[in-house]
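Here is the structure we will look at.
The values are calculated or read from the model by the stated rules, or taken from the named source; none is laboratory data. Source: prediction; values computed, not measured. Here Cβ is always computed from backbone atoms with ideal geometry, including for glycine, and neighbour counts include all displayed protein chains.
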Amino acid sequence: MTHPRTRRLVCVGSAVVDIVMKVPALPEPGGDVVAGSSRLAVGGAFNVMAAARDQGATVTYAGSHGTGPFGDMVRSSLLELGIEMIAPRATGLDTGFSITFVTGDGERTFATSPGAEARMTSQALDSIPISPDDLVYVSGYGLAYPESGPALAGWLPRLEDGVTVVVDPGPLVAEIPRSVLRAAADRCNWWTCNEREARLMTGAAIRNDSIRALAELAGRDGVLVRLGRDGCLLLVRGRDIQQLPAPSLEVADTTGAGDAHTGSFMAALAVGASPLDAVRRANVAAATAVGKRA
């Protein structure tokens, strides 16, 4: 029996440090709230790469990383997982961070301070050795930043057709310049986002209407809309919408759930899984991610 060759996942997303605070509720404007607990963890695109590595994928981080304590944290975490870094560390600028507020229901709200990861240039992107069968992950943070966004918009259309591009627009989808968003949507093979992001892109509140409208805008192969406890909608181009359920687990913290879903989805594609099977695996990974800190 012959087995398909495992394809490599190349990440040009933003690996940052998460400062996570568990709070009973978000404070009112001008108010304050005492966090029940807090922690520092490497997050953002790192969660995508970690989930892919958990599934046995070969992963390369091609994004920028800074000089300073947060950059050191990112590099240490990548090395621990055996993830290759090919970009030199940026001088004079640390990696950025995101303050994440997790409320009692497990939902999270962010405030992000960009760093070196936001400074990807056209020259840096052009220097990445991309093979014709690689998978490339792009995050909405990189698309939204003033320097890296236009650079990615110019780079993505130049990738060979055999390269599978997966884009997750993330919470900043409404901040991505229209021309940059269009370039990413036109080139990506898979567009994956949550319900809020799909609604912001399409204006459609009903789930099936939203994913149909999204498929008109993005995804050469198809689109995914993550539904939290309700699993994920999958629309493979030319086929009917399918809703795949998520395993039932107690939600401790939804931080990184979407990233875990995307990383596992890409890892499954890398070994030749069908989109349907890839989403099934991704649903399990996301459910495990939200329940692991219970």
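Give the residues of segment 129-173 that are among the β-branched types (V, I, T) and over 18 Å from L9 (Cα atoms), sorted by residue number.
V173
Give me the residue from segment 112-130 that is farther than 30 Å from E160 by Cβ and in contact with a Ser or Thr (Cβ under 7 Å, 6 or more places away or on another chain) and, out of that set, modelled with the highest pLDDT.
In this case the residue turns out to be G115.
Can you report the number of residues in segment 116-131 which are touching an Asp or Glu at 6+ places or on another chain (Cβ under 9 Å) and of a type in the set (V, I, T)?
Residues meeting the conditions: 2.
More than 21 Å from L9 (Cα to Cα) and either touching a Phe, Trp or Tyr at 6+ places or on another chain (Cβ under 9 Å) or surrounded by 23 or more Cβ atoms within 10 Å (Cβ to Cβ) (or both), is that true of L217? Before you say what the answer is, go through the steps one by one.
Working: more than 21 Å from L9 (Cα to Cα): yes; either touching a Phe, Trp or Tyr at 6+ places or on another chain (Cβ under 9 Å) or surrounded by 23 or more Cβ atoms within 10 Å (Cβ to Cβ) (or both): yes.
Taking the combined requirement at face value, the residue satisfies it.
Filtering segment 193-214 down to residues that are more than 17 Å from the chain's Cα centre (by Cα) and of a type in the set (K, R), which residue is surrounded by the most Cβ atoms within 10 Å (Cβ to Cβ)?
Here the answer is R199.
Based on this model, can you work out whether V225 counts as touching a Leu at 6+ places or on another chain (Cβ under 9 Å) and either over 26 Å from A57 (Cβ atoms) or among the β-branched types (V, I, T) (or both)?
Criteria met by V225.
Between a residue in segment 176-201 that is free of Cβ contacts under 8 Å to residues at least 40 places away in the same chain and any residue that is among the acidic types (D, E), which pairs come within a Cβ distance under 6 Å, given they are 6 or more apart or on different chains?
Cβ pairs passing all conditions: N189/D221.
Could you please let me know if G162 is closer than 22 Å to A52 by Cβ, in a loop (DSSP other than H, G, I, E, B) and out of contact with any strand residue (DSSP E or B) (no Cβ under 7 Å at 6 or more places or on another chain)?
Numbers: closer than 22 Å to A52 by Cβ: yes; in a loop (DSSP other than H, G, I, E, B): yes; out of contact with any strand residue (DSSP E or B) (no Cβ under 7 Å at 6 or more places or on another chain): yes.
When the stated conditions are applied, G162 passes them.
Are there any pairs, at least 6 apart or on different chains, whose C-beta atoms fall under 8 Å, with the first in segment 14-28 and under 25 Å from G142 (Cβ atoms) and the second charged (D, E, K, R) and buried (at least 22 other Cβ atoms within 10 Å of the Cβ), and if so, which?
S14/E117; A15/E117; V16/E117
So L172 passes all but one of these: (1) touching a Phe, Trp or Tyr at 6+ places or on another chain (Cβ under 7 Å); (2) without any contact (Cβ under 8 Å) to a residue 12 or more places away in the chain. Which condition number does it fail?
Among (1) touching a Phe, Trp or Tyr at 6+ places or on another chain (Cβ under 7 Å); (2) without any contact (Cβ under 8 Å) to a residue 12 or more places away in the chain, the lone unmet condition for L172 is (2).
Only one residue in R89, R75 is assigned to a helix (DSSP H, G or I) and in contact (Cβ under 8 Å) with a residue 12 or more places away in the chain. Which one?
Values: R89 fails: assigned to a helix (DSSP H, G or I).
None of the others qualify; the one that does is R75.
Filtering segment 96-129 down to residues that are among the aliphatic types (A, V, I, L, M) and in contact (Cβ under 8 Å) with a residue 24 or more places away in the chain, which residue is surrounded by the fewest Cβ atoms within 10 Å (Cβ to Cβ)?
I99
Restricting to segment 166-192, what's the tally of residues that are touching a strand residue (DSSP E or B) at 6+ places or on another chain (Cβ under 9 Å) and either surrounded by fewer than 22 Cβ atoms within 10 Å (Cβ to Cβ) or closer than 19 Å to R212 by Cβ (or both)?
Count: 11.
When you scan segment 87-97, do you find a residue that is within 18 Å of M49 (Cβ to Cβ), out of contact with any Cys (no Cβ under 7 Å at 6 or more places or on another chain) and among the aromatic types (F, W, Y), even just one?
Within segment 87-97 (the criterion being within 18 Å of M49 (Cβ to Cβ), out of contact with any Cys (no Cβ under 7 Å at 6 or more places or on another chain) and among the aromatic types (F, W, Y)), the answer is yes, since at least one residue qualifies.
Out of the residues in segment 77-111 that are in contact with an Asp or Glu (Cβ under 8 Å, 6 or more places away or on another chain) and of a type in the set (S, T, N, Q), which is modelled with the highest pLDDT?
Across segment 77-111, the extreme among qualifying residues is T95.
To keep it simple, each residue is scored yes or no on (1) over 27 Å from F110 (Cα atoms); (2) at pLDDT 95 or above; (3) of a type in the set (A, V, I, L, M, F, W, C).
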{"position": "A215", "(1), (2), (3)": "yes, yes, yes"}
{"position": "L224", "(1), (2), (3)": "no, yes, yes"}
{"position": "A246", "(1), (2), (3)": "no, no, yes"}
{"position": "T255", "(1), (2), (3)": "no, no, no"}
{"position": "H261", "(1), (2), (3)": "no, yes, no"}
{"position": "L276", "(1), (2), (3)": "yes, yes, yes"}
{"position": "V279", "(1), (2), (3)": "no, yes, yes"}
{"position": "G291", "(1), (2), (3)": "no, no, no"}
{"position": "A294", "(1), (2), (3)": "no, no, yes"}
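Quick check on my filter: what residues within segment 1-60 are among the charged types (D, E, K, R), surrounded by 17 or more Cβ atoms within 10 Å (Cβ to Cβ) and not in a helix (DSSP H, G or I)?
Listed by number, the residues that qualify are R7, R8, D18, K22.
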